[in-house]
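First up is the structure itself, then whatever we jot down about it.
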Amino acid sequence: MFDPEEKEKIFRNVKSLMISSSMIKLQKLFNITLKQLENSLKEIRWGSASSGDMPLFCEIFSIPFS
């Protein structure tokens, strides 16, 4: 769902909002969180995603929505 370039772009946006710490640990945590979000979005899309704020949510976080 997320290609490596999209993941890097999202990570840079998140990282710019955070105080620098162990970036390797942060990157791993971010990737796990992103994967969980991706799985949740897949489930939501098959549910009630055709209405509501899902397209807006995806636009805000640069997530493809179809």
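Some observations on this one:
- Each of Lys42 and Phe61 was given a label point 7 Å from its Cα along the Cα-to-Cβ line. The distance between the two points is 1.5 nm.
- Pairwise label distance in nanometres, Lys9 with Gln27, each label 7 Å out on the Cα-Cβ vector: 2.0
- Surrounding net charge for Ile32, when Lys and Arg each add one and Asp and Glu each subtract one, Cβ distance under 14 Å: +3
- Set of lysines with alpha-carbon distance to Lys9 below 17 Å, sequence-local pairs under 8 removed: Lys28, Lys35
FYI, it's all coordinate maths here, none of it is from the lab. All figures in this text were calculated on a predicted structure; none of them were measured in a lab. As a convention, Cβ positions derive from the backbone with ideal geometry for all residues, glycine included, and neighbour counts pool all protein chains shown.
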